[in-house]
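For reference, the structure discussed in these notes is given below.
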Amino acid sequence: MPIKLSILDQSAAASGRGQDATIRQTLALAEKAEAWGYHRFWVSEHHSHPSIVGTAPEVLMAAIAARTQRIRLGSAGVMLPHYAALKVAEQFRVLDALAPGRIDLGVGRAPGSDGRTAQLLNPDRHASERFPQQVMELQAWIQGQNLPPGHPGHNVYAYPQSDTSPDIWMLGSSDYGAQLAAHLGLPYAFAYFITDGQGADEALQLYRETFRPSAALPKPAATVCLWALAADTDEEAMRLFESRARWKMDRNLGRIGPLLAPEEAARDYSPAEQLALERLREGALMGSPATLGRKLRQLAARLEVDELVLITWTHDPAAQMRSYELLAQEFALAAN
């Protein structure tokens, strides 16, 4: 079965480049992704994060919608406990009016930030406990349905309404999201890049086994979001990977900042750090198009998914562009 490829771009900051340029690079990448034949282009939401400067996916999606015609656009995702479900529904119904039938509304329960920042976004410390209720309200407002009598939202609607509506996706990195997606009959995206794959098989199996068909989705639909990097050679991919490896190792020590250039990222490591680095390299999805293509096909077959959503961090935007271009060629995507 042919594998569809999609992109999740997190607008990762890089040393020596303005954060405003990083946002504009996301727009440029979206245009290229459509031309190369990628199926979806998703953007993320993080707050007060010095490495990831994409804070407002709905704003980025509007800008991308104005620059594209075919590719699906989505959030991966909106951190719903920060917001009123009605407002999110209104924002995404406006997006659907701008790009009819092309909008994915991915929602998550995680804060996408530290605890103090999350409280500034929503002072209610228990907001995440209402997440399932919020998702059900969101479903009703997105689909133009009336909430039941007695609900505060009865006879309240999200506008504009039209013949199309966004597709709601459940995002998660544990059994919780898998179970909720299955219960509500929603498509499910597992954050493979967060767990380094741990729990993916179990979460996807749980989702499929407990899935309840809905009007919007008669059978399970799942994908995984994973980090991957292609370059013209295995050696070049390894060199570019130094930026990501250094970032991950620094993050584990509590140091979070922009991506460093490969030459700046490489350093003399202690024996313990060298061992950790080797483990990162061994588990990383990277290499030449043939090498990485083989790894991705094997992973898709094992997880029984027909779509992979790729995240690629490089210090040089040109290297990121090249990675996605090479994979589009390797998987023979239908370029425009």
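With the condition being among the charged types (D, E, K, R), I'd like the helices (runs of 4 or more DSSP H) fully within the stretch 61-168 carrying at least 3 qualifying residues.
Result: 85-98.
Within the set of pairs 6+ apart or on separate chains, which have a first residue in the stretch 134-150 that is closer than 13 Å to residue 87 by Cα, a second that is acidic (Asp, Glu), and C-beta atoms under 9 Å apart?
Qualifying pairs under 9 Å: 141/90; 142/96; 142/167.
Filter the stretch 122-143 down to residues that are at pLDDT 95 or above and of a type in the set (A, V, I, L, M) and give me whichever is nearest to residue 176 (Cα to Cα).
Here the residue is 135.
Here is a yes/no grid of residues against (1) on the phi < 0 side of the Ramachandran plot; (2) modelled with pLDDT under 95; (3) not in a loop (DSSP other than H, G, I, E, B):
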residue: 240; (1), (2), (3): yes, no, yes
residue: 243; (1), (2), (3): yes, no, yes
residue: 246; (1), (2), (3): yes, yes, yes
residue: 251; (1), (2), (3): yes, yes, yes
residue: 254; (1), (2), (3): no, yes, no
residue: 309; (1), (2), (3): yes, no, yes
residue: 334; (1), (2), (3): yes, yes, no
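Determine which member of the set 116, 109, 72 is crowded, with 20+ Cβ neighbours inside 10 Å and of a type in the set (D, E, K, R).
After applying the criteria, what remains is 109.
Could you list, ordered by first residue, the pairs with Cβ atoms under 6 Å in which the first is in the stretch 41-70 and farther than 18 Å from residue 116 by Cα and the second is in a helix (DSSP H, G or I) and among the small types (Gly, Ala, Ser), at least 6 apart or interchain?
41/30; 41/33; 64/30
Quick test of your reading of the structure: residue 155 fulfils all but one of (1) surrounded by 20 or more Cβ atoms within 10 Å (Cβ to Cβ); (2) free of Cβ contacts under 8 Å to residues at least 12 places away in the same chain. Name the failing condition by number.
Condition not satisfied by residue 155: (1).
The values are calculated or read from the model by the stated rules, or taken from the named source; none is laboratory data. Remember, predicted model here, so these are calculated numbers, not experimental data. Methodologically, a virtual Cβ is constructed for each residue, glycine included, from the backbone with ideal geometry; neighbour enumeration extends over all protein chains shown.
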